[in-house]
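Trainee: Structure in structure tokens, see below.
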Amino acid sequence: MMKEKIFLLPMLLCIFMTASAEDSIKIKQPKFVSFQIADGLVLPTSRITGETRMPNVASLSLKYSLSAKGDKWEDLYYGAPYRGIGFYKPFYSMSREMGRPFSVFLFQGAQLKKFRDGLSLNYEINLGISFNWNHYDVTDRPYFEAIGSSVNAHPGGNLYLKKSLSKRLDLHLGLDFLHFSNGSQRTPNYGINSMSAIVELAYKINSDKSTEIATVTPPAKFEKRTAHDFSFFVTNRTVNIDTVETNLRNQYPEYRFRVIGLNYACMWQQTRRFMWGPSVEVLYDEGNRVNIFGDISEDTGLYREIVQLGKVSERFTVGLSVKGEFAMPGYAVFANLGYDILHSNKRDKRLYQIYGLKVYFTENLSSSFGVRSNNLTHSKYLYLSIGYTFRTPMLFAK
């Protein structure tokens, strides 16, 4: 569990330092505190009990945020972004099986569309760490395959309408989607997905407009370009093994296998906010074609797992995908949809998805926190990568 915390913390710290670098030098930074209540359902993709019924979930959230001051062109172009830290406490109707978890998360949001009379459409994304889950146990909770560890990642997002009630008070109404899993750092790990209706009240601090008119320097003309994005990571994963003729006590052995990845994407950037293009993902995965057997040691008389790795040539996977990247100041959200063309792993499907968050330290150097999944539902592993992007003028750009 401690390794999982250490794995997730660096990316959260990177996001916080990058997001707060410019805010710390401003005076009278607009801020707000908010209180949110939500009520919804855990989606049927989760494996919680041997029954088909899914639990209800209600939740409380408390958030503190720094808002855009509006004195830079980025503030106007990116929809007056805000960012902060929050605390989330869910209450599940099946708390006996699921436990009493809570999470701490970082979040960022912005305006998508402004309407009349102080009404606007907004979005918010968040990433955090959740604690205190009950998890799979072959004896006590054999049907609870959704969560394999007490500490899990907490990604999510919401879409909401914002209505200004007064000079300092706003009302938010919307829909929220949350996912909890450990990225198969420990299996089983089918994850918990929930969707809820949210009601939130936000109280604005330092919201008084300055008597001085801010001069916003317009941005330089944007030149269409091609981004060549390289990234590298080393992580680990677990696998599920059939217990038939293997003498394993359960299908979730604890052994972890090294995964090394090298990715290249060629993306066309026609606007400041979005780029997309083809990508190739090359993996060295020790979990491919592995065999694991249960055995009793003749020396100690204790149960042990015997691991037989596949041939080196069988450990490589090559996939082709389409990648999209949505940019905000200092970071970006990305997603890939791909298909393995070189695939020797019979346990995983060829169709895969990669999604995550990228933080830019410089214009070229970045780090990404991501998840690779198969068939849209099953997380294969988490990773933290280092990347480098260089850009060239787009050919045939008008």
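Trainee: Here are some conditions: (1) under 27 Å from residue 125 (Cβ atoms); (2) open to solvent by 50 Å² or more (accessible area, probe 1.4 Å). Residue 342 meets all but one. Which one does it not meet?
Mentor: Just one mismatch for residue 342, condition (1).
Trainee: Given the condition touching a Leu at 6+ places or on another chain (Cβ under 6 Å), free of Cβ contacts under 8 Å to residues at least 60 places away in the same chain and more than 30 Å from residue 228 (Cβ to Cβ), answer yes or no: does some residue in the stretch 294-303 qualify?
Mentor: Scanning the stretch 294-303, I find at least one residue that is touching a Leu at 6+ places or on another chain (Cβ under 6 Å), free of Cβ contacts under 8 Å to residues at least 60 places away in the same chain and more than 30 Å from residue 228 (Cβ to Cβ), so the answer is yes.
Trainee: A further question on this structure: Quickly run through the stretch 231-248 and pick out the residues that are open to solvent by 70 Å² or more (accessible area, probe 1.4 Å) and either in contact with a Gly (Cβ under 6 Å, 6 or more places away or on another chain) or without any contact (Cβ under 8 Å) to a residue 24 or more places away in the chain (or both).
Mentor: Passing the criteria: 242, 244, 245, 247.
Trainee: Given the structure, is residue 265 within 30 Å of residue 393 (Cβ to Cβ) and either charged (D, E, K, R) or in a loop (DSSP other than H, G, I, E, B) (or both)?
Mentor: no
Trainee: Follow-up. Can you name every residue in the stretch 120-159 that is of a type in the set (Val, Ile, Thr), open to solvent by less than 40 Å² (accessible area, probe 1.4 Å) and either outside any loop (DSSP other than H, G, I, E, B) or touching a Pro at 6+ places or on another chain (Cβ under 9 Å) (or both)?
Mentor: 129, 147
Trainee: Which of the residues belonging to the stretch 361-371 are out of contact with any Leu (no Cβ under 9 Å at 6 or more places or on another chain) and surrounded by 20 or more Cβ atoms within 10 Å (Cβ to Cβ)?
Mentor: 366
Trainee: Among the β-branched types (Val, Ile, Thr) and assigned to a loop (DSSP other than H, G, I, E, B) - does that describe any residue in the stretch 189-200?
Mentor: No, the stretch 189-200 contains no residue that is among the β-branched types (Val, Ile, Thr) and assigned to a loop (DSSP other than H, G, I, E, B).
Residues checked against (1) touching a Ser or Thr at 6+ places or on another chain (Cβ under 9 Å); (2) closer than 18 Å to residue 40 by Cα; (3) β-branched (Val, Ile, Thr); (4) open to solvent by less than 80 Å² (accessible area, probe 1.4 Å):
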residue	(1), (2), (3), (4)
57	yes, yes, yes, yes
63	yes, no, no, yes
70	no, no, no, yes
73	yes, no, no, yes
80	yes, no, no, yes
84	yes, no, no, yes
89	yes, yes, no, yes
96	no, no, no, no
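Trainee: Now a separate question. Would you confirm whether or not the stretch 311-329 contains a residue that is out of contact with any strand residue (DSSP E or B) (no Cβ under 9 Å at 6 or more places or on another chain), outside any helix (DSSP H, G or I) and free of Cβ contacts under 8 Å to residues at least 40 places away in the same chain?
Mentor: Yes, the stretch 311-329 has at least one match.
Trainee: Residue by residue through the stretch 90-106, note down the ones that are in a helix (DSSP H, G or I) and either aliphatic (A, V, I, L, M) or touching a Phe, Trp or Tyr at 6+ places or on another chain (Cβ under 9 Å) (or both).
Mentor: 97, 98
Trainee: Looking at 246, 226, 215, 238, can you tell me which residue is out of contact with any strand residue (DSSP E or B) (no Cβ under 7 Å at 6 or more places or on another chain) and modelled with pLDDT of 75 or more?
Mentor: 238
The values are calculated or read from the model by the stated rules, or taken from the named source; none is laboratory data. Remember, it's a predicted structure, so these values are computed and weren't measured experimentally. Using ideal geometry, Cβ is built from the backbone for each residue, glycine included, and neighbour counts are taken over all protein chains shown. Side chains included, ligands, DNA and RNA excluded: accessible areas come from the protein's heavy atoms. Shrake-Rupley method; radii C 1.70, N 1.55, O 1.52, S 1.80 Å.
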